[in-house]
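The values are calculated or read from the model by the stated rules, or taken from the named source; none is laboratory data. Quick caveat: nothing in here was measured; it's all calculated off a predicted structure. For neighbour counting, all protein chains shown are included, and Cβ atoms are generated from backbone atoms with ideal geometry for every residue, glycine included.
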Amino acid sequence: KKPKLLISECLFGVPCRYDGKDNYIETIEALKEYYELVPVCPEVLGGLSTPRDPAERQGERICTVNGADVTDEFVRGAQLTVDIALKYGCKQALMKAKSPSCGYKRIYDGTFTRTMKNGHGCTVEALLEKNITIYTENDIELLLAKKKR
Ligand code: SF4
């Protein structure tokens, strides 16, 4: 039986990004041989529409470029994503780098100037609390190598 891998839905090819586009990458096709993918978009789950204003983390709050506070939606999306990960028994997650929801280790700094800072997206933070191992699209080769060994 293949292990379950939670995946950011935009990497899976769903156009759920803030700008209505996706982040599909072909290498995920190779992953399907080894993992059962469980696609989720925390921002959509949290009740935000697509397209939507871009948002960034500003400390514990998440605000859009137009100053609207969307923290509640982001927190709700993070909780629902964790629920799905636990329900499906995902011990690993492949998340979209840099996103205020899905980013791992490095995210935009809240100034909307494409400047990065250390930190996680709020969904990744919630997944890490449940000891789910996080990868980003930059680690796909690593995930594949682990299986091919
Ligand atoms: Fe992709 Fe995550 Fe943003 Fe949804 S919240 S569009 S899955 S990066």
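Of everything in region 2-18, what is more than 19 Å from TYR135 (Cα to Cα) and either surrounded by 24 or more Cβ atoms within 10 Å (Cβ to Cβ) or without any contact (Cβ under 8 Å) to a residue 24 or more places away in the chain (or both)? Give them in sequence order.
Answer for region 2-18, where residues must be more than 19 Å from TYR135 (Cα to Cα) and either surrounded by 24 or more Cβ atoms within 10 Å (Cβ to Cβ) or without any contact (Cβ under 8 Å) to a residue 24 or more places away in the chain (or both): just CYS16.
Let me spell it out: the conditions are (1) among the charged types (D, E, K, R); (2) within 16 Å of the ligand (Cβ to nearest atom); (3) surrounded by 13 or more Cβ atoms within 10 Å (Cβ to Cβ); (4) more than 16 Å from the chain's Cα centre (by Cα), and LYS147 meets all of them except one. Which number is the exception?
Of the numbered conditions (1) among the charged types (D, E, K, R); (2) within 16 Å of the ligand (Cβ to nearest atom); (3) surrounded by 13 or more Cβ atoms within 10 Å (Cβ to Cβ); (4) more than 16 Å from the chain's Cα centre (by Cα), the odd one out for LYS147 is (2).
Of the conditions (1) of a type in the set (A, V, I, L, M, F, W, C); (2) within 12 Å of the ligand (Cβ to nearest atom); (3) surrounded by fewer than 14 Cβ atoms within 10 Å (Cβ to Cβ), LEU94 fails just one. Which one is it?
Going through (1) of a type in the set (A, V, I, L, M, F, W, C); (2) within 12 Å of the ligand (Cβ to nearest atom); (3) surrounded by fewer than 14 Cβ atoms within 10 Å (Cβ to Cβ) one by one, LEU94 breaks only (3).
How many of the residues in region 1-32 are near the ligand (Cβ under 9 Å from one of its atoms) and assigned to a helix (DSSP H, G or I)?
Final tally of qualifying residues: 4.
Could you tell me which numbered condition SER99 fails, if it satisfies all but one of (1) more than 20 Å from VAL40 (Cβ to Cβ); (2) within 11 Å of the ligand (Cβ to nearest atom)?
In the conditions (1) more than 20 Å from VAL40 (Cβ to Cβ); (2) within 11 Å of the ligand (Cβ to nearest atom), SER99 misses (1) alone.
Could you list all residues from region 117-131 that are surrounded by fewer than 16 Cβ atoms within 10 Å (Cβ to Cβ) and either within 13 Å of the ligand (Cβ to nearest atom) or at negative phi (or both)?
LYS117, ASN118, LEU128, GLU129, LYS130
Residue-wise test of (1) of a type in the set (Lys, Arg); (2) touching a residue at least 60 places away in the same chain (Cβ under 8 Å); (3) under 20 Å from ARG17 (Cα atoms).
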| site | (1), (2), (3) |
| --- | --- |
| LEU37 | no, no, yes |
| THR50 | no, no, yes |
| THR71 | no, no, yes |
| SER99 | no, yes, yes |
| ARG114 | yes, no, yes |
| THR123 | no, yes, yes |
| ILE132 | no, yes, no |
| LEU144 | no, yes, no |
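Name the single residue, out of those in region 33-47 being more than 8 Å from the ligand (Cβ to nearest atom) and hydrophobic (A, V, I, L, M, F, W, C), that is farthest from TYR88 (Cα to Cα).
LEU45
Among the residues of region 56-63, is there at least one that is in contact with a Lys or Arg (Cβ under 9 Å, 6 or more places away or on another chain), closer than 12 Å to SER8 by Cβ, at pLDDT 95 or above and within 13 Å of the ligand (Cβ to nearest atom)? Explain how you work it out, then say what you get.
Residues of region 56-63 that are in contact with a Lys or Arg (Cβ under 9 Å, 6 or more places away or on another chain), as a first pass: 57, 63.
Adding the requirement that they be closer than 12 Å to SER8 by Cβ leaves none.
No, every residue in region 56-63 fails to be in contact with a Lys or Arg (Cβ under 9 Å, 6 or more places away or on another chain), closer than 12 Å to SER8 by Cβ, at pLDDT 95 or above and within 13 Å of the ligand (Cβ to nearest atom).
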